[in-house]
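As structure tokens, the structure follows; a few thoughts come after it.
Rule-based calculations on the coordinates, nothing more; no lab input. Computed from a prediction, not measured in an experiment: that's the story for all the values here. Don't worry about glycine lacking a Cβ; one is built from the backbone with ideal geometry, like all the others, and counts go over all protein chains shown.
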Amino acid sequence: MLDDFQLIEGRATAEGTRRFPERTGSSTGWARPFGTTGLMVSALGFGTYRVLDTEQEHVEAFTEALRFGGVNLIDTSTNYGAGGAERAVGEVVSQLVEGPLERDGLVIVSKVGYWQGEMLHELQLEEELGELD
């Protein structure tokens, strides 16, 4: 339930994404324009398709990519890992923005769409029976 989570304040800004390499020690030439938004994003992003918040190795790899890999583009979705990917993103980003990084340097792209597997089953049950705990 959304009420159980603390939302991270802020968003990516043009200035914040331009300063990102200085904060992380990334080399120059690391970034590309993100369309016409004015944001600068790393040439490689971190996709969370198979990332789970319950797998420490996934969380550590994600943390390393942001802190030391020069990655500031994060791709996630509500249906990745039945929400586990977005929970991992929230966990790592909230820890890092309290320390070495600032929220305005990170571009998080999250998608919604179809539901599948366990999440689809839970939603169908909730529709039939009412909200599940």
Requested in this report: Consider L66 carefully, then state whether it is on the phi < 0 side of the Ramachandran plot, free of Cβ contacts under 8 Å to residues at least 60 places away in the same chain, buried (at least 17 other Cβ atoms within 10 Å of the Cβ) and in contact with a strand residue (DSSP E or B) (Cβ under 8 Å, 6 or more places away or on another chain).
Outcome: yes
Query raised in the report: Picking from G99, G10, G38, which residue would you name as being surrounded by fewer than 15 Cβ atoms within 10 Å (Cβ to Cβ), assigned to a loop (DSSP other than H, G, I, E, B) and touching a Lys or Arg at 6+ places or on another chain (Cβ under 6 Å)?
Result: G10
**Report entry** Filter result for the condition that a residue is surrounded by 14 or more Cβ atoms within 10 Å (Cβ to Cβ), among the hydroxyl-bearing types (S, T, Y) and within 20 Å of T24 (Cα to Cα), over S110, S94
**Finding:** S94
Query raised in the report: Can you find even one residue in segment 73-80 that is more than 12 Å from the chain's Cα centre (by Cα) and without any contact (Cβ under 8 Å) to a residue 40 or more places away in the chain?
Result: no
Requested in this report: State which residue pairs qualify: first residue closer than 18 Å to R18 by Cβ and inside segment 94-109, second residue aromatic (F, W, Y) in any location, beta carbons under 9 Å apart, and separation of 6 or more residues or different chains.
Outcome: L101/F20; E102/F20; D104/F20; G105/F20; L106/F20; V107/F34
Requested in this report: Could you please give the count of residues in segment 49-92 that are in a helix (DSSP H, G or I) and not hydrophobic (A, V, I, L, M, F, W, C)?
Outcome: 15
